[in-house]
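Every number here is computed from the coordinates shown, using simple stated rules; none is lab data. Since the model is a prediction, treat every value here as computed from it, not as a measurement. Positions of Cβ are generated from backbone atoms using ideal geometry, with glycine treated the same way; all protein chains shown enter the neighbour counts.
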Amino acid sequence: MDTVKVLQVVGFKNSGKTALIEHLMGIAKENGKTVSTVKHHGHGGAPDMPSPTADSSRFFDQGAASSIVYGGGVIQLHQRKEAADLEELLEMASLAGPDVVFVEGFKEAPCDKIVLIRSEVDWEELKELKGIVLVVVPESLRMGGVGTVERNDLQQLKKWFLNWMEGEEDESI
């Protein structure tokens, strides 16, 4: 995984994490990069599964430790594991051979991190996280002493992300 760049996007619920990752994925794709994603399912319980009548679901429901389906160029994996850390999930994501892995959530992990904030209160709760390389704020939020990029400043976000992807030295704020 040494050649795979990992970028976390963290923030509280409805702060725009998924939308930002989708935007950055588009930029990566425009620049010939392949992308994988890892998301922390923070909604309680297991993520939604395919139809219970699908063969893969039936195998899984019967106790298979994992169920893998392949077709049309897509691999679908369901695997049981009581606990999985981000490093394990990144290894799995890297099997696709991406240039960049976006991670949504897993706030405490030490990767390069974009923090999305909605208010100064959010910042007070998130500013101690390790690896912060960019703070994205709403247009109306002004924070003294903290370098930020406004969420709607797509040109600045693109410029920052392209520099980050290429590994230029002055990529953090």
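How do V115, V38 line up, fewest other C-beta atoms within 10 Å first?
Values: V115 24, V38 21.
Starting with the residue having the fewest Cβ neighbours, the order is V38, V115.
What does the highest-first list of 56-69, 16-29 look like by mean Cβ count within 10 Å?
16-29, 56-69
Bin by bin, in steps of 5 Å, what percent of the Cα pairs in segment 1-114 do you find, going until the bin that has the longest distance?
The calculated distribution, bin by bin, is 2, 10, 18, 20, 20, 16, 10, 4, 0.
At 15 Å minimum axial length over the Cα atoms and a Kyte-Doolittle cut of -0.5, report the qualifying DSSP H helices in the chain, or say none. Mind showing how you got there, number by number?
Details: long enough: 17-30 (20 Å, 0.21); 154-166 (18 Å, -0.58).
Correct list, ordered by number: 17-30.
Out of all Cα-Cα pairs in segment 53-126, roughly what percent, to the nearest whole number, are more than 14 Å apart?
Working: 1978 of 2701 pairs.
I get 73 percent for the Cα pairs in segment 53-126 exceeding 14 Å.
On alpha carbon coordinates alone, what is the Rg over Rh value for segment 104-168, Rh being the Kirkwood radius?
Across segment 104-168, the Cα-based Rg/Rh ratio is 0.95.
Per residue of the chain, what 222 nm ellipticity follows from adding -39500 (n - 2.57) for every DSSP H run with n ≥ 4, rounded to the nearest 500? Please list the in-between numbers first.
Values: 5 runs with 50 residues, N = 173.
-8500 deg cm²/dmol, from helical runs alone.
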